[in-house]
Amino acid sequence: MRYMILHEYCHYKNKDLLWNVLKWTVFCLYWYNPFIWLAMVYIKRDCELACDEVVVRIIGDGNKVRYGETLIDLLVNTKRMEKSYFVNTMMKGGKKQMKERINQLVVYKTKSYAVAVLSCMCILVLTGFAFSKTEYFEENNITATKEYAVEEKIIVSEEKGEEINRSTDGCTNDYYNYCKFSGDNMYYADAVHLYKVNTNSEEHEILLNGKFKLGNIDSGYIYYIRQPNENDRCGISRMSLDTLQEELLVQWEESFWKCSNIFAAGDEIYLEVGEECIAYRIENGKAVLVPKEENGIVNRMKELKIDVSNMNRFAPGYVNAFFLQRKIIYHDGNKLVIYDLDNDSIFEINNFKFNIMVTDQGGVYTGTDGNIWIKKWKSGETEVLYEGDFLNYGSYNQKNLFVFEEKENYVKCFKLSYTGELSEVISVDNMSRAVDLLFSAYDDYICFYRNQRLEVISL
């Protein structure tokens, strides 16, 4: 909502309503001229691009991804909004126009609004054509290459020339890490592309266009849900890491909007969708829905006599916890219960408030007192890790949790050891949500997204 209001405010400050009066006046006078019809289209497009540009200047490069997501959400919800009685906004547009605006965010360079106004004037006077760089590429069938689309996306380390051990062995943190690793390659997605990065050569490659919900990497494939766009290959898919060939396994369904997690284990795919645990089995290159009575996770819970009638009793990420940490985590009244499948033991947390994070060392959670606690797996003891102002924790490695202080104009990341020591790692300006960092943590380094660059910092 904030970005919508800011976008419309830019229209107001740029006096676009007055320009619209002039535009429609000229149109009424010269409506029989076919070129004036084209001019109307390009004037509207250029005004939207100009406002996008001003908004990006105000919110900073660090928030471009969130702004792009807002544009995509507007496109997805257009039909629903048109059927409602909500006040409409000039911010939305057609699929082709929205695609161009997203691309312009990726390759954004600072320009003055006067240039946009001058362009509109030229169109009105000359009734000519205005072609953007993106349209030129599309019309000439030129694919965006890494030199064009990601020329500013580089990996940097805190110490230049330092050799970073990028091993991810022994770390089961796949649900909380945004970047997915396989060998020397890292995979991540922003609002417009799925990328592959070689951590040795620092070379970026665009694999796919679109907006993705990334899952895990299993048996040489990366699994994901591609959200609807102009591409008809939307739904549950996987890509071979060797051939980079994509397979569409399940066509898009509206329920996938509510999917918070996708996890592949062998020939099965599990989705956390609202209050349901949905399973698919891959057969002959397609995923077939598994009946509830054959769902492996649900059946195991039933064997343990755990009530599965209301799946919102289970913590987010329970699929990963089941397969990777071999834990089942669920609510039982006011208690949080953790069932250890390997040791056939039960941990109970009575002072749980919210936000459980399953780590290799223990279950981290916010207690009823507002402090950060940990229930350690080996000893079964419950200890306070942090007392004080609220910090949002988002990832971990073998030695530390990574917690975030979120303010209106910056986000700070701290590492919090399992013994309670707190130290600052990074501070990112012009950002208000830690989730926009696309943060990932491994034993010797962290990855995060800042100013359209994916950065790697040695710990």
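The values are calculated or read from the model by the stated rules, or taken from the named source; none is laboratory data. Values in this document were obtained by computation on a predicted structure and should not be read as measured data. Glycine also receives a Cβ, built like all others from the backbone with ideal geometry; neighbour counts cover every protein chain displayed.
If you go through the range 1-54 and keep only what is under 17 Å from Tyr67 (Cβ atoms), among the hydrophobic types (A, V, I, L, M, F, W, C) and without any contact (Cβ under 8 Å) to a residue 40 or more places away in the chain, you end up with Met1, Ile5.
Scanning the range 372-406 for residues that are of a type outside the set (A, V, I, L, M, F, W, C), modelled with pLDDT of 85 or more and either in contact with a helix residue (DSSP H, G or I) (Cβ under 6 Å, 6 or more places away or on another chain) or under 24 Å from Ser432 (Cβ atoms) (or both) returns Tyr386, Ser395, Tyr396, Asn400, Glu405, Glu406.
Among the residues making up the range 324-378, those that are among the β-branched types (Val, Ile, Thr) and within 27 Å of Phe404 (Cβ to Cβ) are Ile329, Ile338, Ile349, Ile356, Val358, Thr359, Val364, Thr366, Thr368, Ile372, Ile374. Per the listing Tyr187, Tyr195, Tyr223, the residue uniquely more than 27 Å from Val290 (Cβ to Cβ), touching a residue at least 24 places away in the same chain (Cβ under 8 Å) and in a strand (DSSP E or B) is Tyr195. Could we say that Asn334 is surrounded by fewer than 21 Cβ atoms within 10 Å (Cβ to Cβ), within 25 Å of Glu387 (Cα to Cα) and touching a Ser or Thr at 6+ places or on another chain (Cβ under 7 Å) here? No: the conditions fail for Asn334.
Only a single criterion out of (1) touching a strand residue (DSSP E or B) at 6+ places or on another chain (Cβ under 8 Å); (2) within 27 Å of Lys305 (Cβ to Cβ) is not satisfied by Asp344, namely (1).
The residue that is surrounded by the fewest Cβ atoms within 10 Å (Cβ to Cβ), counting only those in the range 372-413 that are more than 14 Å from Val425 (Cβ to Cβ) and aliphatic (A, V, I, L, M), is Val384.
When residues in the range 353-367 are screened for being over 12 Å from Leu336 (Cα atoms) and of a type in the set (Val, Ile, Thr), 2 of them pass.
Give the residues of the range 263-296 that are of a type outside the set (D, E, K, R) and loosely packed, with under 15 Cβ neighbours inside 10 Å, sorted by residue number.
To start, the set of residues in the range 263-296 that are of a type outside the set (D, E, K, R) comprises 263-266, 269-271, 273-274, 277-280, 282, 284-285, 287-291, 295-296.
Passing the criteria: Gly266, Gly274, Asn284, Gly285, Val288, Leu289, Pro291.
Which residue, of Arg166, Arg226, is modelled with pLDDT under 80 and either more than 27 Å from Ser260 (Cα to Cα) or not β-branched (Val, Ile, Thr) (or both)? Only one candidate passes the filter, namely Arg166.
Evaluation of Pro316 against the conditions (1) under 26 Å from Gly235 (Cα atoms); (2) in contact with a helix residue (DSSP H, G or I) (Cβ under 9 Å, 6 or more places away or on another chain); (3) not in a strand (DSSP E or B) shows that the sole unmet condition is (2). Scanning the range 234-250 for residues that are part of a loop (DSSP other than H, G, I, E, B) and touching a Gly at 6+ places or on another chain (Cβ under 8 Å), we see that the one that is modelled with the lowest pLDDT is Cys234. Residue under question is Tyr449, and the condition is that it be surrounded by 21 or more Cβ atoms within 10 Å (Cβ to Cβ), modelled with pLDDT under 85, under 30 Å from Ile346 (Cα atoms) and not assigned by TED's automatic domain parsing to the domain that holds Thr199; does it hold? In short, no.
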